């Protein structure tokens with residue numbers, strides 16, 4: 001199999017991606033031995049994998065059970081909620097309409113809650129909110145259900161206020177965007193993603209048309225790292241409406257390339273996963289799903 005360079009990342013992120021893309025849509029438990037084999041293919045040692053799975057169980061993201069001498073892992077409700085949120089953010093449709101109004105979250109948490117404050121900022125950023133000024137985050141789309149669920153989860157309702165459909169008269173919309181998000185740098189990264197992966201996609205598409213598919217394991221590895229790389233974008237991309245984006249915006253082109261490339265690799269990648277994790281082939285999910293949210 002062609003060598004594919006592994007990025008320097010935390011094993012927990014790999015496991016979240018693996019569950020988000022292949023396990024969560026099926027709603028199943030998977031054998032530990034299969035997980036260890038898949039993670040080995042991704043460059044993770046058995047020791048590191050077992051240690052991380054144990055930590056994720058202790059944190060409440062996963063639950064484990066034994067059947068005879070073998071063990072299985074499954075997502076908890078907390079873990080499923082996290083992955084579902086990430087799936088919507090990564091694969092959800094782009095906004096089609098903006099009414100010209102902004103949505104604000106203003107918060108002030110005491111110093112002893114600084115860890116919660118950091119998580120609040122991080123999770124709001126994932127939902128498309130940008131930092132307008134300290135303690136004030138703004139978004140073009142409210143994502144009310146997700147924000148309400150986050151507030152309940154972190155138990156911070158008494159420390160924040162929300163304002164919907166606000167017009168910020170003192171500054172222009174473009175100034176708000178420039179202050180909250182570095183779109184030129186993000187657009188550069190989208191362009192690089194396209195330049196880096198489109199030639200390989202075109203070569204693979206030609207190869208598939210000629211009936212010369214890659215081995216299932218290699219298709220899985222390519223699809224996994226491609227998706228992992230792209231999944232870093234929602235952390236910085238606020239998913240703004242078209243009227244707030246640069247004229248040369250490449251975000252949607254990059255997302256289209258990802259979808260086409262993933263679709264091309266999907267069938268053989270699913271074959272590898274089903275065989276390695278012991279999943280019945282007819283359990284193949286009808287939808288795509290992935291997340292790399294940090295927990």
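Given the residues 286, 281, 255, 269, which is the only one that is loosely packed, with under 14 Cβ neighbours inside 10 Å and either at pLDDT 90 or above or over 20 Å from the mean Cα position of the chain (by Cα) (or both)?
281
Can you tell me which residues in segment 50-61 are in contact with a strand residue (DSSP E or B) (Cβ under 9 Å, 6 or more places away or on another chain) and part of a helix (DSSP H, G or I)?
53, 54, 56, 57
What's the number of the condition residue 133 fails, among (1) under 25 Å from residue 243 (Cα atoms); (2) surrounded by 15 or more Cβ atoms within 10 Å (Cβ to Cβ); (3) free of Cβ contacts under 8 Å to residues at least 24 places away in the same chain?
Residue 133 satisfies every listed condition except (2).
Check residue 151 against each of (1) surrounded by 13 or more Cβ atoms within 10 Å (Cβ to Cβ); (2) under 30 Å from residue 108 (Cβ atoms); (3) touching a residue at least 40 places away in the same chain (Cβ under 8 Å) and name the one condition it does not meet.
Status for residue 151: all satisfied but (3).
On the given criteria, is residue 174 surrounded by fewer than 15 Cβ atoms within 10 Å (Cβ to Cβ) and more than 21 Å from the chain's Cα centre (by Cα)?
When the stated conditions are applied, residue 174 passes them.
So residue 64 passes all but one of these: (1) surrounded by fewer than 16 Cβ atoms within 10 Å (Cβ to Cβ); (2) under 20 Å from the mean Cα position of the chain (by Cα); (3) not in a helix (DSSP H, G or I). Which condition number does it fail?
Only one criterion in (1) surrounded by fewer than 16 Cβ atoms within 10 Å (Cβ to Cβ); (2) under 20 Å from the mean Cα position of the chain (by Cα); (3) not in a helix (DSSP H, G or I) is unmet by residue 64, namely (2).
If residue 211 satisfies all but one of (1) surrounded by fewer than 16 Cβ atoms within 10 Å (Cβ to Cβ); (2) on the phi < 0 side of the Ramachandran plot; (3) free of Cβ contacts under 8 Å to residues at least 40 places away in the same chain, what's the number of the condition it fails?
Status for residue 211: all satisfied but (2).
The values are calculated or read from the model by the stated rules, or taken from the named source; none is laboratory data. None of the values given here were measured: they were computed from a predicted structure. Using ideal geometry, Cβ is built from the backbone for each residue, glycine included, and neighbour counts are taken over all protein chains shown.
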